[in-house]
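Asks: Can you read through this structure? Questions will come right after.
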Amino acid sequence: MLTEYAFWFLTFVAIFSAMGMILSKNPVYSVLSLIVTFFAIAGHYFLLNAQFLAAVHIIVYAGAIMVLFLYVIMMLNLNKVDEEKRSIWSKAAAAASFGILLLVVSAAIGHGHAQSELQSVADTSAIGTTETLGLSLYKEFLIPFEISSVLFLAAMVGAVYLSKKEQYN
Amino acid sequence: MPIEILLFKLLLCGIIFVVSLGVAAYATWGERKFAAVLQDRVGPSRAGPFGLLQPIADGVKMFMKEEMLPNKSNKFLFILGPSLFMLTACMVSTVIPWGGDLTLGGVTYNLQITDINIGILYMFGVVSLGIYGIMIGGWASNNKYSLLGALRASSQMISYEIAMGLSIIALVMMTGTLSLREIVEQQNAGVSYVVYQPLGFLIFLICAFAETNRAPFDLAECETELVGGYHTEYSSMKLGLFLFAEYINMFISSAVMVSLYFGGYNFPFQTEIAEALGLSANGLTIIQTLIFFGKIVGFILFFMWVRWTLPRFRYDQLMSLGWKVLLPLALVNIFITGIVMWALGLIGNN
Amino acid sequence: MSLSNRSVVVSKKEMSWSERLYLPAILGGMAITIKHLFKRKPTIKYPEEVREIAPVYRGQHVLKRDEAGAERCTACGLCAVACPAEAITMESAERKKGEENLYREEKYARIYEINMLRCIFCGLCEEACPKEAIFLTDRIVPSSFTRGAEVYGKDKLVETLEQPVDVSARQRPEVLEFKQDKKHNHNQTHLDKKAVRRSGH
C-alpha cells in the first residue's frame, strides 16, 4: 500500500520535473528540476530494494555531475537570450534521430519487460544490496568493470593533458 | 511497522531536531566563549548568567534585522539556498545511532531514526547535496563575489568529499558494513576503530573541517580579503540559517566521527560498570547516550580549538592539500589496510 | 648590531620532512592556545568592577566652594590661559548686593564652560588657579550622544552644597605650600614682581 503510494508519488515527481527540465527557459531551473528527477528515480531504486544504486545515483549524478553542470551554467552569462537560428534541416535531423532513439529505447523496454516476467520468480529482496552488487561486480564482471575504469583513466589523462598543454608549447 | 514504534520514531525525529538546533545554538555561545578564553578575554557574559542567554539574544537579533533581497536576484532561489543548506544539515542525523535499545512496556525502541544498511552512503549523498544550497544561494544573489564565493566553497567541498570517501572505504573494508549502527556495535566490546585506522581518522577529520567550511578552511568567512563568501548578499535570518547550518554540520560531523572512529555510544568497560552499579538495560542505554553526547561535545570543542589556533589556508594551498596530499594518503591507507587484512587472512579466503 | 639580541635572520632553507608534515607545528600551536585556557583574564567587567585608579587621578573637574558655601572662582581667566587645549571659556559678572553668600569675591563667573571633548585632563588649570577653585577629581567623564552635552557648564562643574567633592588627595599641604612659594617665578603675581623690583633697586 505504502510502497504503491510512494511509487505513484515518485513517478509523478519524476515525470513533472523531467517536463520542467525540458520546458523551463532558465537553464538553472532546468538543472534543478533534473536534480529533482534524479531524486525521484533514486526513490524508485529504493523501492526496488536497490539501496546501493539509489545512494550512488544521488552521490554521483545529483551530488557530483550536476554540480559541475551547474558550475558551467552559472559561469556562462545567461542573461541574454541569444539562441542561434537553426535551419529547418537541422531541426528535421534532430527530430529524426531522436525518434529513432525513442524507438530503440521503447523496444528495449518492451523486450526487457518480456524478460523480467520470466525472471520475476527470483528473490529480489537482496538483489540490489551493496554486498550482492559488490560480489557480482568484482567476481563475475571483474574484467568489464576494470576496463570501464580504464576508460575513466583515459579521460582523466586527456583532461590533464589538455590543461597542461600550454606549458609544453 | 507497529504504531507505537512509528510514534516513537516521530518523537525521536522531533527530539533530535530540537536537540541539534539547541546544540548548534549553544555551540555559537560555546564558540564565542571558547575563543574568548583562548584569547584571555571573558566573552559573552551579559545575557544571563555566564551569557547563557546569548544564543536567544542572537536569534532575536537575527529575526529583527532588516530583510534584504538584492534587487535583481532570483527571489525563489535566493530563499531556497539557505533553506536547502539547513535541510541537508539536518538530514544526516537520521542515520546516526544516538544510543542502544530502550525497552518500555515490552516493546523495544531503537534510538536511531532509521537503520538503513547504506548509512554511510546516505550520509555522503546528503552531504553532497549541501553543496546545492551554497551554489544556489551564491548564484541567486546576482553578485559576482557571491558567485565566486559559492564556487570556491562548493569546489572545496567536492574536492574534500573524495578524500573523505576514500578514507572511509578503508574503514568499511574492516567493518564489512555500511550501517552506522553495526559499525558502532562492532566497537562495543573491542577497541575503537581509531586504533586500527589512525591515518584514516586523520584524513576524515581534516576533510570534516573542510566539509563544514570551518577553521583553517573557512574561506567563506574572509570578508576582508575575498569580500566574504557565498553569503555576502544575505542578511537577517537567511544569513542566520547559513551560519546556523554550519554549527549543525559541525555537530553532525562530530557525531559521525564519534560513531565511526570513537565507538559511538560505547564506553570502556561498560558491561562491567553496568554490572557493578546494577544498572538496568534502559539505564545503561541512557548513560550511553549521555556518553555519546559527551564525546560529541569534546569533538565540537576540538573543532573550536583548531579554529582559534590555525590560520586560514590560502585557496591554492587548500586545493593542493586536498588533491595532492590527502587523496594519495587515503589511497595509501586503503592499500595498507588491504595488505594487512590479507596478511591476517581476513580477506581473500572465499 | 642588534640591540635586543632577539632578531632572527630569515632563512628560506628547505623544510625537513617532519617540518613539511606540519603536524608537530600544528600540535605546538594548539598547545600554546590551550595554555591560555588557564591564564588569568585581564578583563575588568566595568559597571560591576571598577578599575583601580590613582588617588591623584585627573578626571572630571569640579569648581569648589569655600567653607561658607560661596563659589571660589573669580573668573580671572588664568585657567583658560593655561589650558593647552583651549577647552575652558568663561564670562565674568559683578556680584550684586545680597549675593555675598553665593560668591566669595566681587567678581564671579557668570558662565564657566569646559569642553570635555577638547580637555586633555592635564591639570594645568588646577595648577594655574590662584583661588583654589578648580580641581580635577577621580570621577570619569561619562560619554554622551551629542557633542553639546560634552560641554560642561556650571551646573555640572560647581559642587553642590549637599554633596561636596573631596579633593584632599589633590589639595595636599605640599602642593599648597608649593603654590604659595614665591621663590618660583610662576607663583609670583605682578604685585610680587613689583615688590621684588622695588626692593632690588
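Please treat every number below as a calculation from the coordinates, not as lab data. Just so we're clear, the structure is a prediction, and the values are computed from it rather than from any experiment. Here the Cβ positions follow ideal geometry from the backbone for every residue, glycine too, while neighbour counts run over all protein chains shown.
Asks: Count the lysine pairs in the range B:3-343 whose Cα atoms sit under 22 Å apart, keeping only pairs 8 or more residues apart in sequence or on different chains.
Replies: Lysine pairs meeting the criterion: 10.
Asks: Exposure proxy check: B:Leu202, C:Leu37, A:Leu70 ranked by fewest other beta carbons within 10 Å?
Replies: Ranking B:Leu202, C:Leu37, A:Leu70 by Cβ neighbours within 10 Å, fewest first, gives C:Leu37, B:Leu202, A:Leu70.
Asks: Continuing with the same structure: So what's the back-of-envelope 222 nm ellipticity for chain C, counting only DSSP H runs of four-plus at -39500 (n - 2.57) apiece and dividing by all residues, rounded to 500?
Replies: Rounded to the nearest 500, the figure is -6500 deg cm²/dmol.
Asks: Okay, moving on. Mind checking the dipole of the protein assembly as shown: about its Cα centre, +1 per Lys or Arg Cβ, -1 per Asp or Glu Cβ, Debye to the nearest 20?
Replies: It works out to roughly 2640 debye.
Asks: May I ask you to evaluate 6.51 cos²θ - 1.76 cosθ + 1.60, the Karplus curve with θ = phi - 60°, for each residue of the range B:243-254 and list the ³J(HN,Hα) values in order in whole Hz, giving x for glycine and proline?
Replies: Residue by residue, the range B:243-254 yields 5, 5, 4, 4, 6, 5, 4, 5, 4, 5, 5, 5 Hz.
Asks: Would you mind counting up the charge near C:Gln163? Only other residues with Cβ under 13 Å from its Cβ, with Lys and Arg at +1 and Asp and Glu at -1.
Replies: Around C:Gln163, the charge tally is +1.
Asks: Working from the pairwise distances between different alpha carbons, so that the mean of 1/r is found and then inverted, what is chain B's Kirkwood radius in Å?
Replies: 21.5 Å
Asks: In terms of the Cα gyration tensor, with a ≥ b ≥ c the square roots of its eigenvalues, is the range C:110-201 rounded because a/c is under 1.5, prolate because a/b exceeds b/c, or oblate?
Replies: Prolate, since a/c reaches 1.5 and a/b exceeds b/c.
Asks: Using alpha-carbon pairs under 8 Å, 6+ residues apart, how would you state the relative contact order of the range C:91-145 in percent?
Replies: 25 percent
Asks: Would you list, by chain and number, the aspartates and glutamates whose Cα falls below 18 Å from the Cα of A:Lys25, excluding same-chain residues fewer than 8 positions away?
Replies: Partners found: A:Asp82, A:Glu83, A:Glu84.
Asks: Give the share of C-alpha pairs in each 5 angstrom bin for chain C, from 0 to the last occupied bin, in whole percents, shortest bins first.
Replies: 1, 6, 10, 12, 13, 11, 8, 6, 5, 5, 5, 5, 4, 4, 3, 2, 1, 0, 0
Asks: What list of whole percents do you get for P(r) of the range B:101-236, with Cα-Cα distances grouped in 10 Å bins up to the one holding the largest distance?
Replies: 11, 31, 26, 19, 10, 2, 0
Asks: As I understand it, the dipole of the protein assembly as shown uses +1 on the Cβ of Lys and Arg and -1 on the Cβ of Asp and Glu, about the Cα centre. Which of B:Ala163, C:Tyr46, B:Leu260 lies farthest toward its positive end?
Replies: Working it through, the farthest residue towards the positive pole turns out to be C:Tyr46.
Asks: Given q = 0.09 Å⁻¹, what are the Debye log10 I(q)/I(0) values for the range B:48-180, with equal point scatterers placed on the Cα positions and solvent ignored?
Replies: Results for the range B:48-180 at q = 0.09 Å⁻¹ read -0.45.
Asks: Right, here's the next one. List every residue whose amide H lies under 5 Å from the amide H of C:His61, counting only residues 5 or more places away in sequence or on a different chain, with H placed 1.01 Å from N in the peptide plane.
Replies: C:Thr137
Asks: Next question, about the same structure. Please compute, for the alpha-carbon atoms of the protein assembly as shown, the extent along each of the three principal axes and give them in descending order in Å.
Replies: That works out to 137, 82, 67 Å along the principal axes.
Asks: Read phi for every residue in the range B:99-105 and hand back ³J(HN,Hα) as whole Hz from Karplus 6.51 cos²θ - 1.76 cosθ + 1.60, θ = phi - 60°, with x for Gly and Pro.
Replies: My calculation for the range B:99-105 gives x, x, 9, 10, 10, 10, x Hz in order.
Asks: Still on this structure, please answer the following. Give, as a single signed number, the net charge of other residues whose beta carbon lies under 15 Å from the beta carbon of B:Val258, with Lys and Arg counted +1 and Asp and Glu -1.
Replies: Overall, the nearby charge balance is +1.
Asks: Do any cysteines in chain C lack another Cys Cβ under 4.7 Å, and if so which?
Replies: Among the cysteines of chain C, those whose Cβ sits 4.7 Å or more from every other are C:Cys73, C:Cys76, C:Cys83, C:Cys119, C:Cys122, C:Cys129.
Asks: Using the Cβ atoms and a cut-off under 12 Å, what net charge is assigned to the surroundings of B:Ser235, where Lys and Arg are +1 and Asp and Glu are -1?
Replies: Counting the neighbours of B:Ser235, the net charge comes to 0.
Asks: Still on this structure: Tell me the trypsin sites (Lys or Arg not before Pro) within the range B:292-350 that lie in a loop according to DSSP and have at most 11 other beta-carbon atoms within 10 Å.
Replies: B:Arg314
Asks: Now a separate question. Around C:Arg95, which amide H atoms from residues at least 5 apart in sequence, or from another chain, sit under 5 Å from its own amide H, with H modelled in the peptide plane?
Replies: C:Lys107, C:Tyr108
Asks: Let me ask something else about it. Fewest Cβ neighbours within 10 Å first, please rank B:Trp305, B:Trp29, B:Trp139 accordingly.
Replies: B:Trp305, B:Trp29, B:Trp139
Asks: So, how do all the Cα-to-Cα distances of the range A:1-83 break down into 10 Å bins, in percent, from 0 on up?
Replies: 19, 42, 27, 10, 2
Asks: Ranking request for peptides C:72-85, B:204-217: highest mean number of other beta-carbon atoms within 10 Å first, then the rest in descending order.
Replies: Descending mean neighbour count gives B:204-217, C:72-85.
Asks: Mind putting a number on the dipole of the range B:92-248 about its Cα centre? Charges go on the C-beta only, +1 for Lys and Arg and -1 for Asp and Glu, and I need it in Debye to the nearest 20.
Replies: 180 debye
Asks: What number do you get for the range B:1-113 when its Cα radius of gyration is normalised by 2.2 N^0.38 Å, N = residues?
Replies: 1.46
Asks: Provide, as a two-decimal number, the C-alpha radius of gyration of the range B:302-347 over 2.2 N^0.38 Å, N being how many residues it has.
Replies: 1.72
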